[in-house]
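Q: Quick one: the structure is below, questions incoming.
Read-outs throughout are calculated quantities, based only on the coordinates presented, and are distinct from any laboratory measurement. Since the model is a prediction, treat every value here as computed from it, not as a measurement. Reconstructed Cβ throughout: ideal geometry from the backbone, glycine too, with neighbour counts over all protein chains shown.
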Amino acid sequence: MSRWVAHVHRVSGIALAIFLPLHFWALGNALQLDSFLAWTEQPLVKAGEWAIVVALAAHLGGGLRVLAIEFLDWHERQKSLVALAAAVTFAVGLALALAL
Amino acid sequence: MKVRVWRGGTSGAFQAFDVPRYPSQTVLDVVTHIQRRLDPTLAYRFACRVGMCGSCAMTVNGVARWTCRTHVDKVAHGDSLEVSPLKNLPVIRDLVTDMREFFDKWARAKGQFKGGRTRNDDFEKVMPETEGRRVADAGIECIGCAVCYSSCNVVAANPAYLGPAALNRAWTLVNDAREKDNPERLRAVAGDAGCHACHTHMDCTERCPKHLSPTAAIAGLKRATAKAALKGEL
Amino acid sequence: MNQTILWMAQRATAAILAVCVAVHLATIVYAVQGGLSAAEILGRTRGNAGWLAFYSVFVLAAAIHAPIGLRAVLGEWLHWRGASREVFLVLFSLLLLMIGMRAVLAVFS
């Protein structure tokens with residue numbers, strides 16, 4: 001079980017590492033923000049945004065799990081840590097789905 | 001039932017055998033039956049056959065286990081079973097792996113007790129209820145069976161990685177009140193080949209037949225090396 | 001020694017980012033209600049020194065955290081080790097820092 005959380009953590013990290021420079025670049029072009037925002041209205045882009053936010057939440061959840069194992073010695077309660085990671089992910093995904 | 005057994009070295013093939021199925025049968029019983037009744041050339045290791053020595057560790061249906069403690073009923077897929085040698089270790093022949101690298105890494109992690117006293121000194125008084133002793137006791141039951149090492153995918157991806165068993169042993173010694181060369185040991189377990197390569201997949205802890213937690217030990221080493229680095233001792 | 005420092009930096013920035021991300025996500029979920037427009041966003045953010053400071057810390061932490069994370073992935077999945085990997089990661093870190101601060105200044109100053 002923990003292996004899947006770790007894989008999700010890694011893949012989401014890679015996705016974020018690719019996304020982040022693009023995010024910074026788009027924001028840096030703030031003067032053209034309206035034309036960029038118009039582009040983001042497309043459904044595929046919206047789906048991508050949702051996916052990235054879920055990736056962020058998943059990575060955060062997985063990261064909290066790692067910090068708990070390394071610093072709080074929660075190694076016995078790995079199942080609850082996995083659940084915590086998943087819960088954080090779903091909560092954020094849901095919140096954003098409703099907002100978008 | 002049909003049993004597929006690995007034959008050969010690192011390259012080889014599975015050979016199928018038809019083995020009678022009994023209640024309360026262990027995988028070791030199955031392998032022993034094959035070697036005694038069907039094919040005497042099959043090579044495998046065992047010793048105590050009662051779950052104390054760890055010699056019979058093999059990969060059963062993809063998972064590293066002690067075969068003497070694995071009931072066929074618990075792991076058989078329908079009426080079939082697949083037995084192969086432990087992963088992440090060179091294969092000598094059939095189900096026998098070369099354990100040298102496993103124990104060499106133990107030594108590289110400074111997994112041996114050294115101590116600092118001589119026969120002329122008084123005993124070190126180690127109180128069993130101290131934090132350090134309780135932490136060490138949680139990990140000292142390791143018998144070096146290599147199930148954790150074989151289950152770890154960082155070991156698979158990083159040939160230099162010392163692995164969960166060696167690091168677990170190092171951690172028990174870091175917490176041993178009688179040990180004096182801690183900075184040297186911490187230096188040995190830090191780095192890309194040491195505790196920092198662990199990604200907390202926790203396959204080691206999940207698979208350990210003695211229910212130890214190398215993950216916890218490695219987390220402890222991460223904290224200990226960080227503390228030592230901050231104090232300039234590393 | 002080196003890996004120990006990297007590990008500490010990774011965990012420290014992780015803790016910082018946990019806070020930053022939580023704030024950021026909450027802000028974004030709030031802000032996307034009722035659609036987005038440049039005027040609306042920039043009206044709120046331009047000249048805001050508090051948010052500028054917050055996002056500068058966010059960018060710095062991310063510029064440290066992401067390359068250290070990628071280091072393990074590159075080593076294990078691409079078997080890329082040695083000096084060239086470290087050089088690549090330092091460059092990636094500087095890239096994030098530069099375009100990150102460019103974005104922060106564009107939006108908040």
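Q: Using Cβ counts within 10 Å as a stand-in for footprinting exposure, how do C:Phe88, B:Phe46 rank, fewest first?
A: So the ranking, lowest neighbour count to highest, is C:Phe88, B:Phe46.
Q: While we're here: Ranking B:Cys152, B:Cys53 by Cβ neighbours within 10 Å, fewest first, what do you get?
A: With the fewest neighbours first, B:Cys152, B:Cys53 line up as B:Cys53, B:Cys152.
Q: Between B:Ala47 and C:Val19, what is the FRET efficiency for a Förster distance of 41 Å, r being their Cβ-Cβ separation, to the nearest 0.05?
A: Working from the Cβ atoms, E equals 0.15.
Q: Starting from segment B:75-123, pick out the trypsin sites (Lys or Arg not before Pro) whose DSSP state is loop and whose Cβ has at most 10 other Cβ atoms within 10 Å.
A: B:Arg119
Q: Quick check: the angle from helix B:214-230's long axis to the longest principal axis of chain B, C-alpha only, nearest 10 degrees?
A: It works out to around 30 degrees.
Q: Given the convex hull of the Cα atoms of the protein assembly as shown, what is a quarter of its surface area in nm²?
A: For the Cα atoms of the protein assembly as shown, the hull's average projected area reads 26.8 nm².
Q: Follow-up. Only Cα pairs under 8 Å and at least 6 apart count here; give the relative contact order of chain B as a rounded whole percent.
A: Contact order relative to length: 17 percent.
Q: Mind putting a number on the dipole of the protein assembly as shown about its Cα centre? Charges go on the C-beta only, +1 for Lys and Arg and -1 for Asp and Glu, and I need it in Debye to the nearest 20.
A: So the dipole magnitude of the protein assembly as shown works out to roughly 780 debye.
Q: In nm, to one decimal, how far is the B:Arg134 label point from the C:Tyr30 one, both placed 7 Å along Cα→Cβ?
A: 4.3
Q: Related question: Can you pull the mean other chain C-beta count within 10 Å for peptide B:191-204?
A: 6
Q: While we're looking at this one, here's another question. Could you let me know the centre-to-centre spacing of segment B:60-78 and segment C:32-109, using Cα atoms, in angstrom?
A: 48
Q: Which loop-located GluC sites (Glu not before Pro) does segment B:103-186 contain, where loop means any DSSP state but H, G, I, E or B and the Cβ has at most 13 other Cβ atoms within 10 Å?
A: Sparse-neighbourhood loop GluC sites (Glu not before Pro): B:Glu124, B:Glu129, B:Glu141.
Q: Turning to a different aspect of this structure: Which of rounded, prolate, oblate describes segment B:2-97, given a ≥ b ≥ c as roots of the alpha-carbon gyration tensor eigenvalues and a/c under 1.5 marking rounded, otherwise prolate only if a/b is larger than b/c?
A: rounded
Q: Same structure again: Would you mind computing, in nm to one decimal, how far apart the modelled labels at B:Lys114 and B:Val126 are, each placed 7 Å from Cα along Cα→Cβ?
A: About 1.7 nm separates the two model spin labels.
Q: Further question: Measure nothing but the geometry: give the 0 to 90° angle between the long axis through the Cα atoms of B:164-174 and the longest principal axis through the Cα atoms of chain B, rounded to 10°.
A: Once rounded, one gets 30 degrees.
Q: Set the Förster distance to 25 Å, then compute FRET efficiency between A:Val11 and C:Met98 from the Cβ-Cβ distance, nearest 0.05.
A: That pair, A:Val11 with C:Met98, gives E of 0.40.
Q: Which whole number gives the average count of other chain Cβ atoms within 10 Å of the Cβ atoms across peptide A:51-62?
A: Averaged over the peptide's residues, the number is 2.
Q: Which order do the peptides A:38-44, B:68-74, A:60-66 take when ranked by the mean count of other beta-carbon atoms within 10 Å per residue, highest first?
A: Ranking the peptides A:38-44, B:68-74, A:60-66 by packing returns A:60-66, B:68-74, A:38-44.
Q: Quickly estimate the mean residue ellipticity at 222 nm for chain C, helices only: each DSSP H run with n ≥ 4 gives -39500 (n - 2.57), and the total goes over all residues, rounded to 500.
A: Computed ellipticity for chain C at 222 nm equals -30000 deg cm²/dmol.
Q: Rounded to the nearest 500, what is chain B's calculated 222 nm mean residue ellipticity when only DSSP H runs of at least 4 contribute -39500 (n - 2.57) each, over all residues?
A: The per-residue figure over chain B is -9000 deg cm²/dmol.
Q: Please give the Cα centre distance for segment B:120-147 versus segment B:195-234, rounded to the nearest Å.
A: 17
Q: Please average, across the residues of C:14-24, the number of beta carbons from any other chain that are within 10 Å of each residue's own beta carbon, and give a whole number.
A: Mean partner-chain Cβ count within 10 Å for C:14-24: 3.
Q: Shifting gears a bit: Filter the DSSP H helices in chain C by two things, a Kyte-Doolittle mean of at least 1.0 and an axial alpha-carbon span of 24 angstrom or more, and list the hits by number.
A: Qualifying helices, which must be both long enough and hydrophobic enough, are C:2-31, C:49-77, C:83-108.
Q: Nearest 20 debye, what's the magnitude of the dipole of chain B about its Cα centre given +1 on Lys and Arg Cβ and -1 on Asp and Glu Cβ?
A: Its charge dipole is roughly 180 debye.
Q: Treating cross-link reach as a plain straight distance, find the aspartates and glutamates whose alpha-carbon is under 20 Å from the alpha-carbon of B:Lys125, omitting any fewer than eight places away in the same chain.
A: Qualifying aspartates and glutamates at Cα under 20 Å: B:Asp137, B:Asp176, B:Glu179, B:Asp181.
Q: Please sort by residue number the chymotrypsin sites (Phe, Trp or Tyr not before Pro) in segment B:100-203 whose DSSP state is loop and whose Cβ has at most 11 other Cβ atoms within 10 Å.
A: Filter output for segment B:100-203: B:Phe113, B:Phe123.
Q: Show me the ranking of peptides C:94-101, B:55-62 by mean Cβ neighbours inside 10 Å, starting with the highest.
A: The packing order, highest mean first, is B:55-62, C:94-101.
Q: Simple spin-label model, 7 Å along Cα-to-Cβ: B:Lys210 to B:Arg178 in nm?
A: That separation, rounded to one decimal, is 1.7 nm.
Q: Next question, about the same structure. B:Val63 label point, 7 Å along Cα→Cβ, cut-off 17 Å on backbone N: hits in segment B:1-28?
A: B:25-28
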